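Okay, structure first, notes after.
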Amino acid sequence: YTPATWRLALKRGVALFEVRKDRRRPFVVAAGGVEVLAVGTAFAVNLQSAEVGVLVTEGRVAVKPAAAPGAAAHAAVAFVNAGSRATVARGADRAAAPTVRAVAAGEMEDLLAWRTPRLELDATPLRGVIAEVNRHARTRLVLGDPSIGDLTVSGVLRADNVPVLVRILEESYSIKADRGPDGEIVLRR
């Protein structure tokens, strides 16, 4: 952090950044020989062994491979808008331009799915499953019949995937799911 820039080095993994507009102090993420410059935007950087991926969800970023040591600092820059993804191969010619392509809404959701926790259930009482799902999902689940709260559920699912959980409960446990007046889903025998 300096008066001229905010700089972060991503050493491994993936991270999502939401950056407030400040043209006087741009935000720079350096990852695997790639620099991402943002001014008021939201984007994810995914540092993998073969490439660096930059997914822009809001605003616009500049993606630039860092110049090779001793080379002139004129690496190709790509401007990436919301709804697009840039990739830069690691270990390749550092002056090569990033590849940019549009990303469909469904693919965007898949690429950001890592942000939603997965529930690993091992004979977990349904009341506990519901409490955990309600922490992450927009649709609220309600036990309309307290006696089903002790049923145990096993498996792995996204914590916000209410339709899949409801389908499993209906098909495997003979539970009925009805929409309540507030949009919640009420579960009964």
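The values are calculated or read from the model by the stated rules, or taken from the named source; none is laboratory data. These figures come from a predicted structure and were not determined experimentally. As a convention, Cβ positions derive from the backbone with ideal geometry for all residues, glycine included, and neighbour counts pool all protein chains shown. Note: accessible area is taken over every heavy atom of the protein model, side chains too, but ligands, DNA and RNA are not part of it. Shrake-Rupley method; radii C 1.70, N 1.55, O 1.52, S 1.80 Å.
Taking region 23-35, which residues are buried (at least 20 other Cβ atoms within 10 Å of the Cβ) and in a loop (DSSP other than H, G, I, E, B)? Selection gives G32 alone. Yes or no: region 75-85 includes at least one residue that is surrounded by 14 or more Cβ atoms within 10 Å (Cβ to Cβ), modelled with pLDDT of 95 or more and hydroxyl-bearing (S, T, Y). Within region 75-85 (the criterion being surrounded by 14 or more Cβ atoms within 10 Å (Cβ to Cβ), modelled with pLDDT of 95 or more and hydroxyl-bearing (S, T, Y)), the answer is yes, since at least one residue qualifies. Among the residues of region 144-183, those identified as touching a strand residue (DSSP E or B) at 6+ places or on another chain (Cβ under 7 Å), over 17 Å from G128 (Cα atoms) and surrounded by fewer than 17 Cβ atoms within 10 Å (Cβ to Cβ) are E170, K176, D178, R179, G180. Summed over region 47-60, residues that are out of contact with any Leu (no Cβ under 7 Å at 6 or more places or on another chain), surrounded by 18 or more Cβ atoms within 10 Å (Cβ to Cβ) and either over 20 Å from A102 (Cα atoms) or of a type in the set (A, V, I, L, M) (or both) total 3. Can you confirm whether region 15-22 contains a residue that is out of contact with any Phe, Trp or Tyr (no Cβ under 8 Å at 6 or more places or on another chain), modelled with pLDDT under 90 and surrounded by 15 or more Cβ atoms within 10 Å (Cβ to Cβ)? No, there is no match, as no residue in region 15-22 is out of contact with any Phe, Trp or Tyr (no Cβ under 8 Å at 6 or more places or on another chain), modelled with pLDDT under 90 and surrounded by 15 or more Cβ atoms within 10 Å (Cβ to Cβ). Please enumerate the residues belonging to region 36-46 that are assigned to a strand (DSSP E or B), open to solvent by 10 Å² or more (accessible area, probe 1.4 Å) and under 13 Å from T5 (Cα atoms). Residue satisfying the conditions is L37 alone.
With touching a residue at least 12 places away in the same chain (Cβ under 8 Å), over 25 Å from A44 (Cα atoms) and either open to solvent by 90 Å² or more (accessible area, probe 1.4 Å) or within 22 Å of the chain's Cα centre (by Cα) (or both) as the only criterion, which of R118, R127 stands out? Don't jump to the end; show me each part of the working.
Numbers: R118 fails: over 25 Å from A44 (Cα atoms).
Unique residue meeting the criteria: R127.
Does region 123-137 contain at least one residue that is of a type in the set (D, E), farther than 30 Å from R85 by Cα and in a helix (DSSP H, G or I)? There is at least one residue in region 123-137 that is of a type in the set (D, E), farther than 30 Å from R85 by Cα and in a helix (DSSP H, G or I).
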